[in-house]
Amino acid sequence: MITAIVGCKWGDEGKGKVASYYAKDAQLVLRTTGGNNAGHTVIYNGKTLPLHLVPGGITYPQTTCIIGPGVVIDPAVLLDEIQMLKEYNIPDFDERLKISGRAHVIFPYHKDLDELHEKLKKHPVGTTKRGIGPTYSDKDNRIGIRIYDLLLEETQLREKIEEATILHNQNFANNGMADCVVDPAMLAHQYHEYGERLRQYITDINPIIANALDNDDKIVVEGAQAFRLDIDHGDYPMCTSSNCSTSGALCGGALPPNSSIEVIGIDKAYNSRVGNGPFPTKQSGSVADTIRELGHEYGTTTKRPRDCGWYDCCISNSAKHILGVNYLCINHLDTIGLIGKKLGYIKICVSYNYQGKVIDYYPDDISLTGEVPTPIYEVLSGGWEIDSSCKTYEQLPELAKKFIRIIEKSSHIPVKFLGTGPANDDLIIREDI
Ligand code: GDP
């Protein structure tokens, strides 16, 4: 059985906690899309580990952890992460980490291209400038360089870099970035060395996956980013450059689509977003400030304040159809209770007014009509506090249960998991669902 953990909104929903819950007794855990623009917060022996590429499941000693062919890898970042994990003495780390040789490599010129594109664009996407978009573009243009290529002779790697950068170099030279023109020999030398350091982990992942499927092992896909950031189904072009929805996550992990699979959609009891693009339930002023303060909604690396707003059932309902979400996890049930206590009310968007109609899904043509849907809210009076003794759904405050019932009714998805705090075990699981 494959369990895919996917974000239902714009990321930072708290995927790490549920991924960790499933990884506890899984045999295989995979990261399958995106690059080091994503990642989870994982707790190991009381320490918080910021993981960007290695699956969080690595902290459980029985797992084999795969970085799949759909991921783009910055080798320097990955090597730093490996070193950090080894310092924590994670058992059998070297034997359990597997990197697909088909994953593509992020080079420094991809980061420079990110810079150049954002500089030249009238409407920048607000990318993380980690070279992820340009690496996926090169992959699509069939000039990408794969992890396998780092294992070639240095001269062969140099030839590949030379060929891949012909047009990029012209663009750098013609747009005031001549200092970014690539020196293929130098890069080949450095990246060949990275390849040697990664060699022991690089492999053909297909037999490992085939074996796990044949044995009916528990397989966990740690989704990166989220539904509204998917390049095909998200708010294009204000999105990421990969298919981070369920189907893309399966493809990026070489997992067959006819596998038996359950999809857990991870969400927060309010919503937040980084970067530009439509956000129908976005709030401003003191409501946004309250959500931001109580939810600690500041960028992990940039510390930039995130846009904040109320929970949106229409997006969840669309996630049910497009991502195949079977169950929801609503994190930050603790936080929304405090928000309600402070403001005196909590809102939940249950449908939209859009183009003169009431609808219960996220419309596809916002970029064409230019109309961001107007939320229709249900309002709860007051809020709640969840104390540490609360471990079951039944023990939750009545108002919190009402909040969950509204989400289930309007998004048409059962809520199986409830996050009641930041720690891994601040998670209520409804076994009856
Ligand atoms: P991801 O980007 O979706 O993988 O999000 P992470 O797993 O990194 O979680 C983002 C942050 O939310 C972390 O600091 C978590 O500790 C925190 N978090 C997750 N669930 C809850 C929750 O239920 N309540 C509170 N207060 N914090 C949570």
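The values are calculated or read from the model by the stated rules, or taken from the named source; none is laboratory data. Everything numeric in this text was worked out from a predicted model, so none of it was measured. Because the Cβ atoms are built from the backbone with ideal geometry, glycine has one as well, and the counts that use them run over all protein chains shown. SASA here: full protein model, heavy atoms, side chains in, ligands and nucleic acids out. Shrake-Rupley method; radii C 1.70, N 1.55, O 1.52, S 1.80 Å.
Does GLY46 qualify as being more than 17 Å from the chain's Cα centre (by Cα) and either under 18 Å from LEU79 (Cα atoms) or assigned by TED's automatic domain parsing to the domain that holds ALA76 (or both)? In short, yes.
Those residues that are more than 25 Å from VAL274 (Cβ to Cβ) and either of a type in the set (Lys, Arg) or touching a residue at least 60 places away in the same chain (Cβ under 8 Å) (or both), I need them from the stretch 22-56; list them, please. Result: TYR22, ALA23, LYS24, ASP25, ALA26, GLN27, LEU28, VAL29, LYS47. In the stretch 153-170 there is at least one residue that is in contact with a helix residue (DSSP H, G or I) (Cβ under 9 Å, 6 or more places away or on another chain), part of a loop (DSSP other than H, G, I, E, B) and open to solvent by less than 50 Å² (accessible area, probe 1.4 Å). Residues in the stretch 4-63 that are open to solvent by 30 Å² or more (accessible area, probe 1.4 Å) and within 10 Å of the ligand (Cβ to nearest atom): 7 in all. Exactly one residue out of ALA226, ALA188, ALA173, ALA178 is among the aliphatic types (A, V, I, L, M) and either closer than 17 Å to ARG96 by Cα or within 29 Å of the chain's Cα centre (by Cα) (or both): that is ALA226. If I filter the stretch 305-326 for residues that are within 14 Å of the ligand (Cβ to nearest atom), modelled with pLDDT under 95, surrounded by fewer than 18 Cβ atoms within 10 Å (Cβ to Cβ) and not acidic (Asp, Glu), do I get at least one hit? There is no residue in the stretch 305-326 that is within 14 Å of the ligand (Cβ to nearest atom), modelled with pLDDT under 95, surrounded by fewer than 18 Cβ atoms within 10 Å (Cβ to Cβ) and not acidic (Asp, Glu). Highlighted here are the strands (runs of 3 or more DSSP E) found entirely within the stretch 343-411 that include at least 1 residues which are in contact (Cβ under 8 Å) with a residue 60 or more places away in the chain and in the same structural domain as PRO278 (by TED's automatic domain parsing): 345-354, 374-381. At least 1 residues being closer than 18 Å to MET177 by Cα and open to solvent by 40 Å² or more (accessible area, probe 1.4 Å) is the threshold, and among the helices (runs of 4 or more DSSP H) wholly inside the stretch 80-143 those reaching it are 108-120. For ILE143, the conditions (1) under 19 Å from the mean Cα position of the chain (by Cα); (2) modelled with pLDDT of 95 or more; (3) not assigned by TED's automatic domain parsing to the domain that holds ILE208 all hold with the exception of (1).
Filtered by the rule that a residue be open to solvent by 60 Å² or more (accessible area, probe 1.4 Å), of a type in the set (A, V, I, L, M) and outside any loop (DSSP other than H, G, I, E, B), the stretch 174-188 gives ALA178, MET186.
Of the residues making up the stretch 328-343, not a single one is at pLDDT 95 or above, among the hydroxyl-bearing types (Ser, Thr, Tyr) and open to solvent by 60 Å² or more (accessible area, probe 1.4 Å).
Considering the stretch 381-433 alone, what residues qualify as being among the aliphatic types (A, V, I, L, M) and within 16 Å of the ligand (Cβ to nearest atom)? Of everything in the stretch 381-433, those that are among the aliphatic types (A, V, I, L, M) and within 16 Å of the ligand (Cβ to nearest atom) turn out to be ILE386, LEU396, ALA400, ILE404, ILE407, VAL415, LEU418, ALA423, LEU427, ILE428, ILE429. Considering only residues of the stretch 265-278 that are away from the ligand (no atom under 11 Å from the Cβ) and in contact with a Gly (Cβ under 6 Å, 6 or more places away or on another chain), which is least open to solvent (accessible area, probe 1.4 Å)? Among residues in the stretch 265-278 that are away from the ligand (no atom under 11 Å from the Cβ) and in contact with a Gly (Cβ under 6 Å, 6 or more places away or on another chain), the one least open to solvent (accessible area, probe 1.4 Å) is ASN271.
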